[in-house]
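The block underneath contains the structure these notes are about, expressed in structure tokens.
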Amino acid sequence: MKKDKGNLISGACLAAFGLYVISVASKLPYVSEVGPGPGFFPLWLGIGLMIFASYLMLSSVSALKKESPNDSSPWQASGRALAGWFGLMVAIALLGWIGFSISFVFLTMFLIVALDRRPLLLSAGVAIGLAVGFHFLFVMALDVSLPVGRWGF
């Protein structure tokens, strides 16, 4: 039940931020001579934030109406969140040394195995697939360089 109240508060904060983004973006030009203007992306980002915040708040309100027992203690949930945070910090620290791709593979595998309790082989496949997908999307398609490590990838 506390989780649902937290989701309701988080949704309200996200909605307030979405409104702020929309108000700032509406003051910028929506289109320019060459295409979308500086207000195009922030406006749609704010609209997306509002949609997701509304869904989060509505789902938490409906969950508050249902009296269901909580299956995990707040300490266990906090420990999982801190473990995810720690994994992200380690991946960021390793980024300059081993590069984005390998760091991302390790982070993804850690999150899937340690936090979601899935098999190692499954997590390795998902992690490598996502790293290859990121490489194709950013490096090949968008021509954006990702941090490389000492081994060149």
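Among the listed residues ALA91, ALA81, identify the single one that is surrounded by fewer than 18 Cβ atoms within 10 Å (Cβ to Cβ) and either modelled with pLDDT of 90 or more or small (Gly, Ala, Ser) (or both). Reasoning before the result, please.
On the way: ALA91 fails: surrounded by fewer than 18 Cβ atoms within 10 Å (Cβ to Cβ).
ALA81 is the lone residue from the list that is surrounded by fewer than 18 Cβ atoms within 10 Å (Cβ to Cβ) and either modelled with pLDDT of 90 or more or small (Gly, Ala, Ser) (or both).
Which of the residues spanning the stretch 1-50 are under 23 Å from the mean Cα position of the chain (by Cα), in contact (Cβ under 8 Å) with a residue 60 or more places away in the chain and either assigned to a loop (DSSP other than H, G, I, E, B) or surrounded by 13 or more Cβ atoms within 10 Å (Cβ to Cβ) (or both)?
Those that are under 23 Å from the mean Cα position of the chain (by Cα), in contact (Cβ under 8 Å) with a residue 60 or more places away in the chain and either assigned to a loop (DSSP other than H, G, I, E, B) or surrounded by 13 or more Cβ atoms within 10 Å (Cβ to Cβ) (or both): LYS3, ASP4.
Please pick out the residue among VAL113, VAL132, VAL126 that is at pLDDT 90 or above, within 17 Å of the chain's Cα centre (by Cα) and of a type in the set (Val, Ile, Thr). Explain how you work it out, then say what you get.
On the way: VAL113 fails: within 17 Å of the chain's Cα centre (by Cα); VAL132 fails: within 17 Å of the chain's Cα centre (by Cα).
VAL126 is the lone residue from the list that is at pLDDT 90 or above, within 17 Å of the chain's Cα centre (by Cα) and of a type in the set (Val, Ile, Thr).
Considering only the stretch 118-151, state which residues are among the polar types (S, T, N, Q) and more than 11 Å from VAL105 (Cβ to Cβ).
Here is the first cut: in the stretch 118-151, the ones among the polar types (S, T, N, Q) are 123, 145.
SER145 - this is the single residue of the stretch 118-151 that is among the polar types (S, T, N, Q) and more than 11 Å from VAL105 (Cβ to Cβ).
If you scan the stretch 59-69, which residues turn out to be without any contact (Cβ under 8 Å) to a residue 40 or more places away in the chain and in a helix (DSSP H, G or I)?
SER62, LYS65
Restrict the check to the stretch 97-108 and report whether at least one residue is assigned to a helix (DSSP H, G or I), modelled with pLDDT under 95, loosely packed, with under 14 Cβ neighbours inside 10 Å and of a type outside the set (Phe, Trp, Tyr).
no
Please work out if SER54 is assigned by TED's automatic domain parsing to the domain that holds LEU130, at pLDDT 90 or above, surrounded by 13 or more Cβ atoms within 10 Å (Cβ to Cβ) and out of contact with any Leu (no Cβ under 6 Å at 6 or more places or on another chain). Reasoning before the result, please.
Working: assigned by TED's automatic domain parsing to the domain that holds LEU130: no; at pLDDT 90 or above: yes; surrounded by 13 or more Cβ atoms within 10 Å (Cβ to Cβ): yes; out of contact with any Leu (no Cβ under 6 Å at 6 or more places or on another chain): yes.
No.
The values are calculated or read from the model by the stated rules, or taken from the named source; none is laboratory data. Note that this is a predicted model, so its numbers are computed, not measured. All Cβ positions, glycine included, derive from the backbone under ideal geometry; neighbour counts span all protein chains shown.
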